[in-house]
Structures are given as C-alpha cells and as structure tokens.
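Working notes, beginning with the structure itself.
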Amino acid sequence: MWMTVKKKEKKQCKPAGLMALVLALILLAGMVPVRASAAESKENNILLEFGSPDYCRLKSAKLPGWTDADLLLYSWYWNGYEEECAKLYYSVSREGDRVSVPQEIQDDETWDMDPFLFTDNDATFNNNMFVAWTDADKKFDGSETKNEIAGSMRISVTALKSSTLVFANQILTVTKSSDNVSMYNPHVTKVGDKILITWVVCSDVKNDDGAYGIEGLYYDPDTNKFSSDDNKTDADGNVIPMVFAKSCNYISAHTAAELNGSVAVLYEEAADGTHVSDVMYDQVKQRKQVPLYSSDEFKNNKIKLATNNGKNVDTVSLPDTYGSIVETDLSKLIFYCGGTIKEISTDSNSTSGWKTKEIADVSKTGDTRYSILSKDDTMQYITAREYTPFKTDKSEITLNGITYTKSSDGKWLDEQNKQQDIRQEDIRLYYYNNTAGQAELLPQKLLGEDGVIFMAQPAIFINHSGLLDVTWVHANANEDMRFKLYHTTYEQQSVQKADYTTVNEAVDKANALNKDDYVDFSAVKNAIDAVKYDKDYTKQETVEGYAKVIENAIKALKLRSADYTAVDAALAKVKALNGDLYKNFSDVTAAVNAVDRDKSFKEQADVDAMAKAIEDALAALELKPVDNPGTNNTTQGGSQSGANNANQGGSQSGANNANQGGSQSGANNASPSVEQSENSDTSQPDTSDVSLADTKSEVSNTGEEDKDTQSETSSGKSETKEQSKTENKSPETGDSSHPELWIALLIISGGLFTWIMMAGKKKKL
C-alpha cells in the first residue's frame, strides 16, 4: 500500500495500534505538501505521523538493485499503543513522493531501539540490506530495575531481500546466558567478503567501571548464522564473539572498518562515570524526557582507536577537546575533533601502522554531530546539527513536561527559577568540493524554522533520484510542541542555491510600502528588478549585495511634502503688518520661526498646527499705547504744548508753530527761543510709533485742511473746528510731498533772520 502525498495537512493521529496507524496514514493520501523548508526544492514533504512519540530513532538508505526505491527505518514508541514498548518499522520510498505504509519488522512485544541500516552496494550478498538493533530479550511490565533493563539488552540482525522487499523469516539474535551483561549500539560493515556485526558490550552491569568493550560476529544472510575467525563456541553451542576493544569506560558510539588487513574500531569513550543502566533506564522509562542541548555533551567523550583485536589502543582526539564519531556509509574510520573532520588510514611508515588525515574544515559549525553523505563511494556532503539560541515570540514554553519562562533579559528560567541554556536546532550542509579538496558551508539552513527541536538525529542520504532525502521528527515551540514525523526530499540544486533570505526580507519591506506616498519610488523598483535569482552558494556575496542596494534605496525614499497653503496664507498676513506698532509682536515672530518646511504629508496635522499658531498670535496682537503729555502732539525731541506744532527740538506752545530749537509762544511765530502759549493745541503722535509711510498718507489726505488752518492762524484767528480738522496732520521734516508748507517755513525763517539782523544793528547804533 502506497501513499502519494502532494500537500501536507496537519491532521492529528492517535493510533491505538498498528491498524489505527495504518488507517491514519491512509487518510493522508492525496494531500499536497506545504513547503516546510528554507531551501526551495521539488519539496515533496510527507507528514507520516502527527503525535507525541516517547521514543524515536531514524535511519534511511538506498535500496540496492533498485533505481527509484529507498528504505526508511523507524524505531519508535508512540504513547497510546497497546504494547508498552518501542517497535521497529520500515517503509519504502519511491521516487521521493510516495511512501509505503510502515510495516513492523518483528512483533515480539519487546523493546527495540538503536537501529542500524547497511546496504550491500556491490551485490556480493544479492543486493541485500541488513538491519541490526538493540533488542530486549524479555517484556517489561514496569517493575524492572535499572540493572534489569540494561541486563536484558541483546543484539538482533536480519536481512531484507531487495528483489522481494521481504525480510528474512527468522530474526537472528546474539544470546548471553548472564543477565549481568548488556549489549547495545550495533554497527554493520563489510570486511572483505563478509558482513561484520559489531556492538558495545558491558560485561558487568552491576559494577561497570572499566567493564565496557566492543565485540562482533560475522553474519551470513544465506544461512542466517553467525561466525567468527576461529568459530569457537561456549557451553551452549553459541559462537563466542570476537573482541575488538576491552577494559573501557562507557562507550556511547563506535564504528568499524578494515585497517592493515584486520578489523579496527573507532569509539567514543566517556570521560566521566556514565553507567549503562542509567542510560537504558532513561530511554525505556523516561521516554518523554527529550534530551535538550547541553554544552557538556561536547566535552564528555574521547575518541580512541583499537587495533589488533584490541591489543593496541590509541587516543586520537586532542587532549581536553571534544570528539565524536562521524556517521558515514563509506567503509572508513572518520571522526570529528577540533573543528575538523579526520580520516584514519594506513601508514606503512608508522610504527602504529596508521595515520590521521584532515579531510574537511568544519570550524564554522564546530562541536556538534556530523555525518557524511556519499554518492558512488565519493563524499558529496557533510551534515552538521546546528544549535542556535532559542527564538520564539512566546514568553513561556513547555519542554519535556517542564515549563520555562523568559526573563526580561531574554534568558530562559525553569520552574526553580534557574537559568537554562535552551537551543533550537537545524541542519547545515557542507558541500564537499572534490576538485578543490575542501568543504564549503552552504548558506541555507535545511529546515529554516525558529523554535525547532529534534527528538532524534535526522536520517539523511542521497537517494536513487539524486535527491537529498531526509526523515526527521521535530517539534516547533511556535506551534504546539508536538513532535511530527516527516519525510522530505530536496533537489541538490536547491540546497546549493545562494541564500536569498535577506533579499526576500528587503523585497517584502519594499512591497509593504505605498509607492504613491513618496516623491520618487523608481530607485527601489529598479533595485528589486535587478535581483537575479539564479545564483548558487559561490555567489552569496553578490546576493547580499542585492539586499543592501534595496535597503539603501528604501532608506533614501522621501515622503511627499505636506500642504503648506494655510501656513503661507498666515505668513502673508504677517508680512503686511508693521511689527513696531504692537507690543506683543514677538509672539507672532515665535510662531513664524517655528514653521518647519520638512514635514511630510503624514505630518499634515503638525503643519496645520503651525498655521493655527500664527493665526492665533495675529488675533491676539495689541497696539502700543500713545506716550505724550499733551493732546495730539508729535514730539521728536524736547517737549511740545499747543495745537498743530511740529517740534524737533526744545519746547513749543501755540498754534501752527515750527520750532527747530528752543521755545516758541504765539501764533505764526518763528522764534528759536521764544515760548508760545495758546488755547486749543493740536498735538501729533510720537513718530517713533508711527511709520513714515503712514504719516505721509495722513498728511496727504489732509493737505487742504492744513492750508486753511495755517491761513487762519496767520491772521491771529483760532478756531476750534479747524484745529480739530488738522489734528495729527502736521508734516514731518524731510517730507517733500507738500512743498507749500516748506515754502511757508522758509519765508518765516527768512523773516526771522532779517528781523534778528536788524535788531542787532539797532543795538549797535
């Protein structure tokens, strides 16, 4: 039964057994996947299960003898199953977009974990696939102790016939008579023309210090039997395993390969007192406790190499430096240490018979778990499990049943208010350039989601179609933190594509703008149009340049100006006024100076407020008060008293007098130092408060009245009516608009000068 999935739909499945699981998976048929990755691809993304697994491990590989089929292997325990144990399932993937319903490999109701998948690519064993796993030899009822759980673990193996896609009828298991022995973490490799199964063994579960080692047996799928180099058996007739390492501390992982004509094993040995019983108990009984990132993980292991059947052991990792086994389908001993991937190879010139060779610089991702993806026995990619600070909009998340809250400084605190380093996860890829002999980190993240945590290491390989094939179980804190099982394929071209994340963010920012809001939007449009979406990872710098140009064009945008019509109208009113006439004209000046011409249309309210401030200041203007002692006098120097006097210095009293110095008294007199006095004075306002233009206007309007008044006053007549008419109408010095007045003044001055001269002669005489 096949599922062809074209669209992912979040459909919750809570199976109560295998049949329920099958039915749930059938319901997914015909759906189209939604792209769940940062990498653009053919993107067949199949949601296999939606639920909360308590335990899960994943493996996958190409099916030998096929051109379009691959095998997916799952060791999982979904809560809600009738059987309280993890089981081993497999599915066949066809062309990346069809996956068969998972089938159980064996149904013995015992615990199955740590699956390992090996493909025979050279057809020595009829294109068989080999599956090995840790298999409990009894059922668990919940009453078991840690030691009892560990002591029940054994190694099982079976072969899948590629021609029929059917596993062997009988599962072959390595047996041990003692329940104080634990066997776990199997590995399958090919040595010569034999299939070698190796595993980690703890010979004394109760007192396991220095009790760990690595054992192995050859497996023949045709006869379904084990064998060894000497085929010695124990009292029960079981073949005694070959020993490749012994007297070790806890071993977490290992790999095996042929070196100098014999089997060599490379393994991770714990530097502290880790016990197998604790590890087994955590996996079987504390299943919901998904291991979170811990920096301690990367400083606990030492990498050691055992050769000559364990007689020679060497530490190959650097002192006080984290090391780990690199998982690969290549028959090689490869490990990580100090920011590099290294391979162990034969060295005839060395006394040890081996040497290490650096094959890739992976310092950009550093201490983490790595695997190698190959094609035709040639390394193509190196995967790195990436850990970065946890990103979510939520202030509270629940992981493993524990609630974490985000503090004000962005740190995560547990229920005891202790700070925890919670990291999100993703997969990064190094493309191995075989021509240049170096690994180049691809810019894209394979998943590209925030808040993601893996329940198990993803299974990744290059399938028959040349697609990057990924099976993974992950949860997202930004959703519901329920783990989901996915099968996803990516085109290699897409994963090698340059990362356009920054470009897309810049384009999204530009598209969110209304181009009509700006004076000129063409620079932004041109920058977007210039983007070429065909660049690969070698042109990442060019792609980042696209994003920068768009961002700069956005920053340079200028919004349309606000409407300043009301402001300009108010300013015109201010310009028509003489500020010297008003005692509070400074308020108008302040409002005018507050005008900002750089406001955009989005700030129209501010501009309208500017116009209102000017108008309010104009409406509140108050004229300066008239400051003089008499009535209607205009004084530019000295004092004045009388009617229609123009006094430029000294004091005046009388009507129609022109006094340029001293005092005058009387009518129509021109005397530099004579005081004049008469009733009915016409006083002019202080010329400091009245502009010249205003004065000129007023004098012009009353020219004829001034003539009449002057005529009457020259004959000694004073009439109140005429004085009233000429109030505030006297000409100022320098006014050339009334020459008749200046002629009269000239005649009077001449007369005075002649009188003075004659008076002087009389005195002499």
Report task. State yes or no: is E479 without any contact (Cβ under 8 Å) to a residue 40 or more places away in the chain, in a loop (DSSP other than H, G, I, E, B) and more than 23 Å from the chain's Cα centre (by Cα)? Result -> no
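Looking at the structure I just gave you, is S324 surrounded by 14 or more Cβ atoms within 10 Å (Cβ to Cβ) and either assigned by TED's automatic domain parsing to the domain that holds I214 or modelled with pLDDT of 95 or more (or both)?
Yes, satisfied.
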Query raised in the report: Is one or more of the residues making up the stretch 422-437 part of a loop (DSSP other than H, G, I, E, B), in contact with an Asp or Glu (Cβ under 9 Å, 6 or more places away or on another chain), touching a residue at least 40 places away in the same chain (Cβ under 8 Å) and buried (at least 22 other Cβ atoms within 10 Å of the Cβ)?
Result: no
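Report yes if D220 is at pLDDT below 95, surrounded by 14 or more Cβ atoms within 10 Å (Cβ to Cβ), in the same structural domain as P115 (by TED's automatic domain parsing) and of a type in the set (D, E, K, R), otherwise no. I'd like the intermediate steps shown before the answer.
Values: at pLDDT below 95: yes; surrounded by 14 or more Cβ atoms within 10 Å (Cβ to Cβ): yes; in the same structural domain as P115 (by TED's automatic domain parsing): yes; of a type in the set (D, E, K, R): yes.
Yes, satisfied.
Quick one: is K304 in contact with a Lys or Arg (Cβ under 9 Å, 6 or more places away or on another chain), closer than 17 Å to H254 by Cα and in the same structural domain as V188 (by TED's automatic domain parsing)? Don't jump to the end; show me each part of the working.
Working: in contact with a Lys or Arg (Cβ under 9 Å, 6 or more places away or on another chain): no; closer than 17 Å to H254 by Cα: yes; in the same structural domain as V188 (by TED's automatic domain parsing): yes.
Here the answer is no, as K304 does not meet what is asked.
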Requested in this report: Restrict the check to the stretch 401-417 and report whether at least one residue is in contact (Cβ under 8 Å) with a residue 60 or more places away in the chain, surrounded by fewer than 20 Cβ atoms within 10 Å (Cβ to Cβ), more than 30 Å from N434 (Cβ to Cβ) and not hydroxyl-bearing (S, T, Y).
Outcome: yes
Report summary line: Of the candidates V588, V626, the one satisfying the condition of being surrounded by 15 or more Cβ atoms within 10 Å (Cβ to Cβ) and either outside the structural domain of V507 (by TED's automatic domain parsing) or within 30 Å of K509 (Cα to Cα) (or both) is V588
Query raised in the report: So T538 clears everything in (1) closer than 26 Å to L442 by Cα; (2) hydroxyl-bearing (S, T, Y); (3) buried (at least 17 other Cβ atoms within 10 Å of the Cβ) except one condition, right? Which one?
Result: (3)
Requested in this report: Tally the residues that are in contact with a Cys (Cβ under 8 Å, 6 or more places away or on another chain), within 21 Å of T134 (Cα to Cα) and either part of a loop (DSSP other than H, G, I, E, B) or free of Cβ contacts under 8 Å to residues at least 12 places away in the same chain (or both), restricting the search to the stretch 180-237.
Outcome: 3
Query raised in the report: Could we say that G261 is in contact with a Phe, Trp or Tyr (Cβ under 7 Å, 6 or more places away or on another chain) and assigned by TED's automatic domain parsing to the domain that holds D112 here?
Result: no
Requested in this report: Would you mention how many residues in the stretch 275-330 are of a type in the set (D, E) and part of a helix (DSSP H, G or I)?
Outcome: 4
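So is S371 at pLDDT 95 or above and either outside any strand (DSSP E or B) or not β-branched (V, I, T) (or both) or not? Lay out the reasoning, then the answer.
Values: at pLDDT 95 or above: yes; either outside any strand (DSSP E or B) or not β-branched (V, I, T) (or both): yes.
Yes.
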Requested in this report: Restrict the check to the stretch 171-188 and report whether at least one residue is assigned by TED's automatic domain parsing to the domain that holds W66, among the small types (G, A, S) and buried (at least 16 other Cβ atoms within 10 Å of the Cβ).
Outcome: yes
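If you check N260, N309, which single one turns out to be touching a residue at least 40 places away in the same chain (Cβ under 8 Å), surrounded by fewer than 19 Cβ atoms within 10 Å (Cβ to Cβ) and either touching a helix residue (DSSP H, G or I) at 6+ places or on another chain (Cβ under 6 Å) or within 30 Å of N147 (Cα to Cα) (or both)? If you could, list the steps in order and put the result at the bottom.
Details: N260 fails: either touching a helix residue (DSSP H, G or I) at 6+ places or on another chain (Cβ under 6 Å) or within 30 Å of N147 (Cα to Cα) (or both).
Within the list N260, N309, the selection yields N309.
Let me confirm something: among V549, V592, V543, V524, which residue is touching a residue at least 40 places away in the same chain (Cβ under 8 Å) and not acidic (D, E)? I'd like the intermediate steps shown before the answer.
Values: V549 fails: touching a residue at least 40 places away in the same chain (Cβ under 8 Å); V592 fails: touching a residue at least 40 places away in the same chain (Cβ under 8 Å); V524 fails: touching a residue at least 40 places away in the same chain (Cβ under 8 Å).
Step by step, each of V549, V592, V543, V524 is checked, and only V543 is touching a residue at least 40 places away in the same chain (Cβ under 8 Å) and not acidic (D, E).
Any residue at all in the stretch 54-68 that's in the same structural domain as D193 (by TED's automatic domain parsing) and free of Cβ contacts under 8 Å to residues at least 24 places away in the same chain? Give the derivation first.
Initially, the stretch 54-68 is screened for residues in the same structural domain as D193 (by TED's automatic domain parsing), giving 54-68.
Going one step further and asking which of them are free of Cβ contacts under 8 Å to residues at least 24 places away in the same chain, we end up with none.
No - not one qualifying residue is present in the stretch 54-68.
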Report task. For residues that are more than 22 Å from L446 (Cα to Cα) and of a type in the set (S, T, Y), scanning just the stretch 485-533, find the one that is surrounded by the most Cβ atoms within 10 Å (Cβ to Cβ). Result -> Y518
Query - Subset of the stretch 492-531 that is basic (K, R) and at pLDDT below 95 - its residue that is nearest to the chain's Cα centre (by Cα) - result: K497
Query raised in the report: Among S295, S277, which is out of contact with any strand residue (DSSP E or B) (no Cβ under 6 Å at 6 or more places or on another chain), closer than 24 Å to K206 by Cα and either of a type outside the set (V, I, T) or in the same structural domain as A86 (by TED's automatic domain parsing) (or both)?
Result: S277
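For the stretch 154-179: of the residues being part of a loop (DSSP other than H, G, I, E, B) and free of Cβ contacts under 8 Å to residues at least 24 places away in the same chain, which is nearest to Y250 (Cα to Cα)? Please lay out each step first, then the result.
Taking the stretch 154-179 first, the residues part of a loop (DSSP other than H, G, I, E, B) are 162-165, 168-171, 175-179.
Still in the list and also free of Cβ contacts under 8 Å to residues at least 24 places away in the same chain: 164, 169, 176.
Values: T164: 40, N169: 34, K176: 19 Å.
Checked the stretch 154-179; the qualifying residue nearest to Y250 (Cα to Cα) is K176.
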Report task. Considering only the stretch 92-117, state which residues are of a type in the set (S, T, N, Q), free of Cβ contacts under 8 Å to residues at least 60 places away in the same chain and under 29 Å from S465 (Cβ atoms). Result -> Q103
Query - Identity of the residue in the stretch 106-131, surrounded by 19 or more Cβ atoms within 10 Å (Cβ to Cβ), closer than 23 Å to S52 by Cβ and not hydroxyl-bearing (S, T, Y), that ends up farthest from the chain's Cα centre (by Cα) - result: W111
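Considering each of V191, V181 in turn, give the residue that is among the aliphatic types (A, V, I, L, M) and farther than 23 Å from A257 by Cβ.
Working: V191 fails: farther than 23 Å from A257 by Cβ.
Result: V181 is the single residue among V191, V181 that is among the aliphatic types (A, V, I, L, M) and farther than 23 Å from A257 by Cβ.
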Query raised in the report: Quick check, is A569 small (G, A, S), modelled with pLDDT of 95 or more and not assigned by TED's automatic domain parsing to the domain that holds Q380?
Result: yes
Report task. Identify the residue in the stretch 132-153 that is touching a residue at least 40 places away in the same chain (Cβ under 8 Å) and assigned to a helix (DSSP H, G or I) and, among all such residues, is surrounded by the most Cβ atoms within 10 Å (Cβ to Cβ). Result -> A150
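From the list Y381, Y370, Y387, which residue is under 19 Å from G451 (Cα atoms), crowded, with 19+ Cβ neighbours inside 10 Å and either over 26 Å from the mean Cα position of the chain (by Cα) or in the same structural domain as E415 (by TED's automatic domain parsing) (or both)?
Values: Y381 fails: under 19 Å from G451 (Cα atoms); Y370 fails: under 19 Å from G451 (Cα atoms).
Answer to the check: Y387.
The values are calculated or read from the model by the stated rules, or taken from the named source; none is laboratory data. What you see is a predicted model, and the numbers here were worked out from it, not measured in a lab. Note that each Cβ is placed from the backbone with ideal geometry, even for glycine, and that neighbours are counted across all protein chains shown.
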